[in-house]
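Each remark here refers to the structure printed beneath this line.
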Amino acid sequence: MSCLLLIESSNQVCSVALSKHGEIIQEKFIEEPNSHSVYLAPFVDEVMALSGLSFNQLDGVVVSDGPGSYTGLRIGSSLAKGICFGADIPLVAVSTLRGLAGIALKEYPSVNQVISLVDARRSDAYMGIYDQQLNPLADEQFVTINSEIRIEKNNTAIIGSGANKFINELDKGKVLKHSKSALYAKDLLDEALLKWSDNSYVDLTTYEPNYIKSVFVTKPKPKF
């Protein structure tokens, strides 16, 4: 089995984990907004030091692919790519939305589907919809949550940073379950192992996180 370093930086949780033989052996995290630039690299150094392993002993790195925080995703992907280039090892990218859906299915294994929602401010969110086998039922997308959103199946679980904000708007008489769980690096492992077994790596030279919505940078207003 492989030894993988896992990095989650897509949302408010800054999290790093290390897996060996398919099990998490070290983990560091902090639930603090905008903390990735401060803690992510030191957390990587800490979990490696505690494990007694060097970067050259890693088989690969796993990173949250997004969607989520532009800044967090950039920091996480840059760190992950740097480690991979330095150690000459592959990079696996795991969907944030699918990772969240996996958490919900462990909590509610009998639901018909899972809707993952990552808050994108205002009335917007990044959304993924999955069945019991984590197969996507629709493309991951940027949506505005309003009365036009329809839930087609009964017994649906909703998870993610946008779940609490939009739960009332989404409840159209269906049987809904709600999980407040956040995504941690360890939650990337199941999907990462599947991709690893299929040699499903990203191209280090061209890889960018899946922002879904293009990054829009506004110019600062002039001061008078």
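Using the Cα gyration tensor of the stretch 1-46, with a ≥ b ≥ c the square roots of its eigenvalues, what is the shape: rounded (a/c below 1.5), prolate (a/b larger than b/c) or oblate (neither)? Verdict is prolate for the stretch 1-46. Accessible surface of the chain, 1.4 Å probe: 48 percent of it comes from carbon and sulfur atoms.
On the basis of the beta-carbon distance and an R0 of 25 Å, residue 190 and residue 110 show a calculated FRET efficiency of 0.85.
DSSP finds beta bridges in the chain, and of those with both partners inside it, around 60 percent are antiparallel.
For the chain, what is the convex hull volume of its Cα atoms per residue in Å³? Numbers along the way, then the final one.
On the way: hull volume 31.5 nm³, N = 224.
In the chain, the Cα convex hull volume per residue is 140 Å³.
For 131, 198, the ranking by accessible surface with the largest value first comes to 198, 131, using a 1.4 Å probe.
Of all the options 117, 134, 183, the one that moves most in a Gaussian network model of the chain with Cα springs shorter than 10 angstrom is 134. Accessible area per residue was computed with a 1.4 Å probe on protein heavy atoms; residue 71 scores about 80 Å².
With a ≥ b ≥ c the root eigenvalues of the C-alpha gyration tensor of the stretch 59-141, is it rounded (a/c under 1.5), prolate (a/b larger than b/c) or oblate? Before the final figure, lay out the partial values.
On the way: a/c = 3.01, a/b = 1.58, b/c = 1.90.
Oblate.
The orientation-averaged shadow of the Cα convex hull for the stretch 20-100, equal to a quarter of the hull surface, comes to 5.5 nm².
As a quick test, which of the pairs 28/180; 153/177; 28/81; 81/213 have an alpha carbon distance above 18 angstrom in this structure? Provide the component values of the computation, followed by the final result.
Values: 28/180 20 Å; 153/177 12 Å; 28/81 20 Å; 81/213 22 Å.
Violating the 18 Å Cα-Cα cut-off are 28/180; 28/81; 81/213.
Please arrange 97, 105 by accessible surface area, largest first, computed with a 1.4 Å probe and ligands excluded.
Working: 97 0, 105 25 Å².
Listed by decreasing accessible area, they come as 105, 97.
Within the listed set 99, 52, 60, the residue fluctuating most in the Gaussian network model of the chain (springs between alpha-carbon atoms under 10 angstrom) is 52. If the segment from residue 146 to residue 51 were pulled out straight at 0.36 nm per residue, it would be longer than the present Cα-Cα gap by 29.5 nm.
What FRET efficiency comes out for the pair residue 208/residue 38, r = Cβ-Cβ distance, R0 = 25 Å, nearest 0.05? Before the final figure, lay out each step's value.
Details: r = 23 Å, r/R0 = 0.92.
Taking R0 as 25 Å, the efficiency between residue 208 and residue 38 is 0.65.
The values are calculated or read from the model by the stated rules, or taken from the named source; none is laboratory data. Only a predicted model underlies this, so the values are computations on that prediction, with no experimental measurement involved. Positions of Cβ are generated from backbone atoms using ideal geometry, with glycine treated the same way; all protein chains shown enter the neighbour counts. The accessibility values were calculated without ligands, DNA or RNA, using every heavy atom of the protein model including side chains. Shrake-Rupley method; radii C 1.70, N 1.55, O 1.52, S 1.80 Å.
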